[in-house]
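To keep things clear, I will list the structure first and then write my remarks on it.
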Amino acid sequence: MQQKHQYFSIDDATKKLEYYCSYQERCHAEVVQKLQQMHMIPQAIDSIVVHLIENNFLNEERFARSFARGKHRIKKWGKLRIVNELKFRGISKYNIDSALKEFTTEEYLETFHTLADTTWNSIKESNLLKKKKKFCDFLIRKGYESNLIFEKCNDLSAE
């Protein structure tokens, strides 16, 4: 079977992308990918992206800040995971540094300790070494620094 492609004029695509960017912060890569899925030519993609930036629908610093804030507060991600995800999306070092200022050191550590305590208490493992491994693996996947994790692990296992 042959697939039918829907074709968009530049105006239609621009309106569609304005809406796409207005209901959720987007990075440049997501917008370009969306336009490529719409089968837009490279010149049209460039002009639409420029339009979105000029009209403040697209702003990488705002995206990075929003991303970091949300992932830390809602998904309880650590700095390492946030930085890696932003790098994966092609965000500049300046914007990543700016995004990490969205939460204070106190807030970051409070989130870490709360998550660590909850995780430790939820792991039902009688073997202490296995419990420590599961605990550390979970927090490393969440993107927390290993020195924080191992320090907390030693504190909790000593209790």
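Determine the relative contact order of the range 105-158: mean sequence separation of Cα pairs under 8 Å and six or more apart, normalised by residue count, in whole percent. Relative contact order for the range 105-158 comes out at 35 percent. Descending by average beta-carbon neighbour count within 10 Å, the peptides 77-86, 140-149 line up as 77-86, 140-149, the highest first.
Contact order for the chain, expressed relative to its length and based on alpha carbon pairs under 8 Å spaced 6+ residues apart, stands at 21 percent. Taking the Cα centre of the chain as reference, the dipole from Cβ charges on Lys and Arg (+1) and Asp and Glu (-1) amounts to some 700 debye. Once the Cα atoms are used to define both axes, helix 146-158 deviates from the longest principal axis of the chain by about 30 degrees. Here the range 105-158 is treated with +1 on each Lys and Arg Cβ and -1 on each Asp and Glu Cβ, and its dipole about the Cα centre works out to around 520 debye.
Sorted into 10 angstrom bins from 0, the C-alpha pair distances of the range 105-158 split as 24, 62, 13, 1 percent. Think of the range 72-159 as having a plus end and a minus end, set by charges on the Cβ of Lys, Arg, Asp and Glu; of 72, 157, 92, 92 sits farthest toward the positive end of this dipole.
Using alpha-carbon pairs under 8 Å, 6+ residues apart, how would you state the relative contact order of the range 61-100 in percent? Don't jump to the answer; show the numbers that get you there.
Details: 29 pairs, mean separation 25.7, N = 40.
Computed over the range 61-100, the figure is 64 percent.
Highest mean packing comes first when the peptides 111-124, 90-103, 58-71 are listed by Cβ atoms within 10 Å, giving 58-71, 90-103, 111-124. Across the range 79-85, computed HN-Hα scalar couplings (Karplus, 6.51 cos²θ - 1.76 cosθ + 1.60, θ = phi - 60°) run 4, 4, 5, 4, 4, 5, 5 Hz from first to last residue, x flagging Gly and Pro. Compared with the rule-of-thumb size 2.2 N^0.38 Å for a compact globular protein, the range 1-95 has a Cα radius of gyration ratio of 1.22. Translational diffusion coefficient of the range 58-129 (Stokes-Einstein, Kirkwood radius from Cα pairs, 37 °C, 0.692 mPa s): 247 µm²/s.
Here the spin labels are modelled as points 7 Å beyond Cα on the Cα-Cβ line, and at residue 36 and residue 7 they lie 2.2 nm apart. Among the listed pairs 93/132; 16/71; 34/134, a Cα-Cα separation exceeding 30 Å is found for 93/132; 34/134. Overall, the range 10-54 carries a charge dipole of about 140 debye about its Cα centre when +1 sits on the Cβ of Lys and Arg and -1 on the Cβ of Asp and Glu, all other atoms neutral.
Loop-located chymotrypsin sites (Phe, Trp or Tyr not before Pro) across the range 1-50 with a Cβ neighbour count of 10 or fewer within 10 Å are 7, 23, with loop assigned by DSSP.
Dividing the alpha-carbon radius of gyration of the chain by 2.2 N^0.38 Å (N being the number of residues), what value is obtained?
Ratio of Rg to 2.2 N^0.38 Å for the chain: 1.40.
Each reported figure results from applying straightforward, stated rules to the coordinates on display, with no laboratory input. Predicted model only: the values in this text are computed from it and were never measured. Here the Cβ is made from the backbone with ideal geometry for all residues, glycine too, and neighbour counts use every protein chain on show.
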